[in-house]
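**Q** What follows is a single structure, and I will ask about it in a moment.
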Amino acid sequence: MSLRLLSAALALGLGLASPAFAADKAADFTLRDLAGQEVHLADLSGKVVVLSFWATWCGPCKEEMPHLNKLYGEKKDAGLVVLSISTDDARSASKVKPFIEKMGYSFPVLLDRESTVIGTYNPAKTLPFTVLIDRKGNISHVASGYNPGDEVAIAQKVEALLAP
Amino acid sequence: MWWYFAAIAAFATDPEAQEPGISTTFTDDFEIRYRRGAVASPDPAYPGVFDYIEQVNRFNANIRSGRWAFEAQIDEVALFLNRYYLDDVLVVENELVVPDLWNPMPGSSYLNPEKLKANWEGEHATLTFGDAYAAFGRGAALNLNRNVDIDIDTSVQGVKALLRPGAWDITLVGGQLNRQQVAQDNPNDGIFGDLRHTMGAIRAERFGLGPANVGAHAVVYKFTTEPGFTSGFDQVPGATPLTAVAGLTTELTSVAGFDWYAEGDVFGFQDMPNALPDSKDDAPGYAAYLSASTYPGPFVVLLEGKRYLQADRVNGLLGPEQYEVATAPTLEYERAINEDTSAALNSNDIFGGRAELDWSAIAGELTPYIAMAAFRDRDLGGAHANGTPETITHPTAGVEYVADGRSVIGNIGFRTDDRDGSAVPTPGGPDPAAWCGAGPRRDRDRQIHGDVVVEFPVGPLSLDIAAATELFCVGVNPLQGPDFMTVTSGYTLAYGSDVAFTWFLDYTTQPIDSVGNLGSDHLYGAAELQIKPAPAFTLKAFYGAYKAGIRCSGGQCRQLPGFDGARVSAVATF
């Protein structure tokens, strides 16, 4: 029984983590940013969107964020939106804005205090977790974790999505 | 179990099967692990007699069409080799499910449709039917979050409406609490079903009143004493324990040079366990929290204060279920929480504050900080069992450096719990020959801790070292154990995100953890190989043992319980 389960799970993963399933519509959501303004994903149709899920306690997230901020600075005029989504829960919400101010990041920061949005995109809730959404609102790429060099792949995929 | 994998695979691998306008996302988290028994075998000839195999699977489905989304989470667990013969008698080692719990699966296996929800996302409203999460303010009144990263997941199974008329957020939520039954990381044993406590809550928040966002909320919890699907509703009219909470929040941006947040909550109780022995059973509680932050030049200052009296009493009946419905900010450095210091987190009579100064020495790259926390804990009950109130001081310092593929994130701290009257040495207590000094001790706990994560490139690879250490010196208190020291560490060599190998090495003298696997009770070792055949598909194979704590490998971090054995896992999103 256990071997069959293992085989099924592995086959399922190998068979389905393929580009054929990367064209799904991104789940819509509405979150508030640090200033209390509503951000509605559906309103960003026509833009290339990067959803970057993180938390103040997550080391790999802190390594990835400077790259996303740089990418956002370089490409926002070309139609890129980076939505940096904090999954810090209500107790540690006071730490989020000071962290962003300290690091001088310019991308919008949204608060997902109930983990509702990350629960939809990444039920395992591993951090960091990155989702690339094309101009039509389809999920183009997802990645969990961060290791040096991942930012190059993300930048290339964003470049491709921004290309006319 | 094979049937649902096969059915989903058949559906998902056939593009024609998907209706136009329907999008699907599936995530499957499968793990099978060989657990070494925590209890030594009485017969050296059969050292593995208490070992068993545990297989856990969590399947999440998300189906979207237009404004609607449907989500389901199905959890499954099965135990193998879960029995042995003792004097020719068959003994079942772990009772996976209590006999009274309905279970469609045979033997030592269990299947549970854990979460189900339908969500409608509109321009000015979000409606959720089924399992929803809710958190108000800073969490003192209500904080039900999807904490799967620490293997705790309790939702409200009912209805939630988030209405957004103009600058308002109005949240209404009501239903029964639905606690996760199948643990993904902790051992599954004695699953007993939900005590379906009933709750109802409302919050209204007005944004953009000049520099202010203001909110008000109310929450009522009606706790049931019996498991079962209907008992929660059946007992609503009865005299079962009840807690009612009402609170106000105010957030001010750039007022007098600071960003401010203030929250006050009052708690009323009926038939709830009294947390403080010298108070009346119907004594109310309250929680007050204030934070202020300012950003002068390259500096960031964060000030926080708290005063909680009988606020944690709301969680007083949830100990056996191992979750909390409300959790106010602790202001504590949570990477250094151990079995002793956790008592202060759940104190029912505590006040104090924390100040942190960060300096952006090199903008976006180098940011050292210093912080100081001080608390007065007057709760003489709970896990502390203190004879007198105590004063806690906790200075910390650290640095974050991130640049060009190199990073260093480190923290150190020194925490002191000084109980009143401790100036007079008390006879007895811990072993005077231990590390923390000879001779009579004051009634004072001391904790030195440090943690660091370093990452740098090594040719085409990257090396990631994550280590944490703690030295805990116990003051004279007969209910507390001896001094102990712990070191946890992980060393990861990664090739991009495709392949990562991690070697874990831990050391501890904490008696409750001392079951090491490297020829000593104190020393733990383990290795893990991670492969990513696709960006959202991760395979892991692990062998060895480690202590509980925050574990980082392959560019991800999670809070994990201790483990001894071998396991293989596959997580795929498709």
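**Q** Please work out whether region B:110-169 counts as rounded, prolate or oblate from its C-alpha gyration tensor, where a ≥ b ≥ c are the square roots of the eigenvalues and a/c under 1.5 means rounded, while otherwise a/b larger than b/c means prolate and anything else oblate?
**A** Oblate.
**Q** May I pose another question? Rounded to the nearest 500, what is the 222 nm mean residue ellipticity of the protein assembly as shown from helices alone, with -39500 (n - 2.57) per DSSP H run of 4+ residues and division by all residues?
**A** That calculation yields -3000 deg cm²/dmol at 222 nm.
**Q** Summarise the accessible area of the protein assembly as shown (1.4 Å probe, protein heavy atoms) by the percent that is carbon and sulfur.
**A** Of the solvent-accessible surface of the protein assembly as shown, carbon and sulfur hold 63 percent.
**Q** Could you tell me the total accessible area buried at the B-A interface, probe 1.4 Å, in square angstrom to the nearest hundred?
**A** Chains B and A together bury roughly 6800 Å² of accessible area.
**Q** Reachable aspartates and glutamates from residue A:157, Cα under 12 Å, same-chain residues fewer than 8 places away excluded?
**A** A:134
**Q** Here's something else I'd like to know. Please sort by residue number the trypsin sites (Lys or Arg not before Pro) in region A:126-164 whose DSSP state is loop and whose Cβ has at most 13 other Cβ atoms within 10 Å.
**A** Filter output for region A:126-164: A:136.
**Q** Can you spot the aspartates and glutamates whose alpha carbon is less than 12 Å from residue A:76's alpha carbon? Ignore those fewer than 8 places along the same chain.
**A** Excluding near neighbours in sequence, the set is A:159.
**Q** Continuing with the same structure: How much of the DSSP bridge set in the protein assembly as shown is antiparallel, in percent, rounded to the nearest 5?
**A** 95 percent
**Q** Please list, by residue number, everything in region B:269-298 whose backbone N is under 20 Å from a paramagnetic label point 7 Å out along Cα→Cβ of residue B:220.
**A** Counting backbone N atoms under 20 Å from the label point, the list is B:269-273, B:282-286.
**Q** Give me the inter-chain shielding for A:136-144: mean count of other chain Cβ atoms within 10 Å, whole number please.
**A** The per-residue average across the peptide is 4.
**Q** Can you give the accessible area per residue of the protein assembly as shown, in Å², using a 1.4 Å probe?
**A** It amounts to 40 Å² per residue over the protein assembly as shown.
**Q** In the structure shown, do any of B:115/B:532; B:160/B:547; B:115/B:547; A:125/B:222 have a Cα-Cα gap over 32 Å, and if so which?
**A** Over 32 Å apart, Cα to Cα: B:160/B:547.
**Q** Another one. What distance in nm separates the simple spin-label points at residue B:255 and residue B:499, each placed 7 Å from Cα in the Cβ direction?
**A** With each label placed 7 Å out from Cα toward Cβ, I get 5.8 nm.
**Q** Let me ask you something else. Over chain A, with a Gaussian network built from C-alpha contacts below 10 Å, which listed residue (A:98, A:60, A:108) shows the highest mean-square fluctuation?
**A** For chain A, modelled as a Gaussian network with Cα springs under 10 Å, the answer is A:98.
**Q** Please list 3J(HN,Hα) in residue order for region A:152-164, calculated via the Karplus relation 6.51 cos²θ - 1.76 cosθ + 1.60 where θ = phi - 60°; whole Hz, with x for glycine and proline.
**A** After applying 6.51 cos²θ - 1.76 cosθ + 1.60, I find 5, 5, 4, 4, 5, 5, 5, 4, 5, 6, 7, 4, x Hz.
**Q** Are there residues in region A:104-124 whose accessible area shrinks by at least 20 Å² when all protein chains are included rather than the chain by itself, and which are they (probe 1.4 Å, ligands and nucleic acids not counted)?
**A** Residues passing the criterion (a loss of at least 20 Å², heavy atoms only) are A:113, A:114, A:115, A:116, A:119, A:120, A:123, A:124.
**Q** Which angle from 0 to 90°, rounded to the nearest 10, does the C-alpha axis of helix A:2-16 make with the longest principal axis of chain A?
**A** Computed tilt is about 60 degrees.
**Q** What are the extents of the Cα atoms of chain B along their three principal axes, in Å, largest first?
**A** Principal axes ranked by extent give 70, 67, 59 Å for the Cα atoms.
**Q** Can you give the local net charge around residue B:270? Use residues other than it whose beta-carbon is closer than 15 angstrom to its beta-carbon, Lys and Arg +1, Asp and Glu -1.
**A** Value of the local net charge: 0.
**Q** Accessible area of residue B:260, 1.4 Å probe, to the nearest 10 Å²?
**A** Spelled out: residue B:260, probe radius 1.4 Å, area about 80 Å².
**Q** Next question. Grab the Cα-Cα distance for residue B:366 and residue B:242, subtract it from 0.36 nm times how many residues apart they are, and report the gain in nm with one decimal.
**A** Extra length from residue B:366 to residue B:242 when fully extended: 39.7 nm.
**Q** Here's a follow-up. For residue A:95, list the lysines whose Cα falls under 19 Å from its own Cα; do not include residues on the same chain fewer than 8 positions away.
**A** Straight-line reach from residue A:95, under 19 Å: A:62, B:306.
The values are calculated or read from the model by the stated rules, or taken from the named source; none is laboratory data. Only a predicted model underlies this, so the values are computations on that prediction, with no experimental measurement involved. Quick reminder, even Gly has a Cβ in these numbers, built from the backbone with ideal geometry, and neighbours come from all protein chains shown. We work out accessible area using only protein heavy atoms, side chains counted, and drop any ligands, DNA or RNA first. Shrake-Rupley method; radii C 1.70, N 1.55, O 1.52, S 1.80 Å.
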